1. Rank the residues 169, 54, 88 as a footprinting-exposure proxy: fewest other Cβ atoms within 10 Å of their Cβ go first.
2. Once R0 is set to 45 Å, what does the formula 1/(1 + (r/R0)^6) return for the Cβ-Cβ distance between residue 246 and residue 62, expressed as a FRET efficiency to the nearest 0.05?
3. Could you list 218, 110, 164 so that the one with the fewest beta carbons within 10 Å of its beta carbon is first and the one with the most is last?
4. By how many nm would the segment from residue 88 to residue 39 grow when fully extended, if each residue of separation counts as 0.36 nm and the alpha-carbon distance is taken off?
5. Fully extended, how many nm does the chain gain between residue 221 and residue 54 (0.36 nm per residue separation, minus their Cα-Cα distance)?
6. How much length would be gained if the chain were fully extended between residue 150 and residue 122, taking 0.36 nm per residue of separation minus their Cα-Cα distance, in nm to one decimal?
7. Going 7 Å from the Cα of residue 196 in the Cα-to-Cβ direction, what parts of region 106-141 have a backbone nitrogen less than 16 Å from that spot?
């Protein structure tokens, strides 16, 4: 009796194992269309990549240019893309390389199908001269550029690494002086921390070390009330004081 039961159990075990094999076989058949689809998609992607990854043979440059020629930018770009293909070119790297040019503030590059790129350039705008030969942009960054046509810009002079502070202060003072139609031609910041200002009407202003905005506002009140009508007789103004100003007459 025990012998018959053992044979029955053995046969049942083999029967279950065979059923599992068939189950996996049919599962594989069901997966076959998915596998074929994946292979087809991979092949199609490779085919499309090869088909559309064409060499770059057209570069267009757009932007508003005052201090740099469009042709100069094109001449900078062409060597960078001459051996590149449209799908594999690193646009971020090309833009970064362009922005090392002293006249280029920012560049944006996009693919232009089927075989070109479009480059949009934002030109640097110098707001002031810095020292004897350089310029500053609106962020107080030094522009090492040569341009004899920019001699009309105001001159900023200061100690080393003070260019950002000077530009920030310059822009604040410009806004304060605009309603009075007064224009800055020179702003200085010396190694003692003293600020000096020269205006286009020949007036020189000694500001001092601190509270610049408050002092300029106080000066403007007095200027509009009394000094403006006698401006041709005023040589310089000392506004370092807390409660008033000192005027030197010609």
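Quick note: the coordinates plus some simple rules give every number you see, no bench work behind them. Given the structure is predicted, the values throughout are model-derived calculations rather than measurements. We place every Cβ from the backbone using ideal geometry, glycine too, and count neighbours over all the protein chains shown.
1. 88, 54, 169
2. Numbers: r = 54 Å, r/R0 = 1.21.
Rounded to the nearest 0.05, the efficiency is 0.25.
3. Lowest to highest Cβ neighbour count: 110, 164, 218.
4. Full-extension gain reported as 15.3 nm.
5. 53.4 nm
6. Full extension from residue 150 to residue 122 adds 8.2 nm.
7. Zone members listed by number: 131-132.
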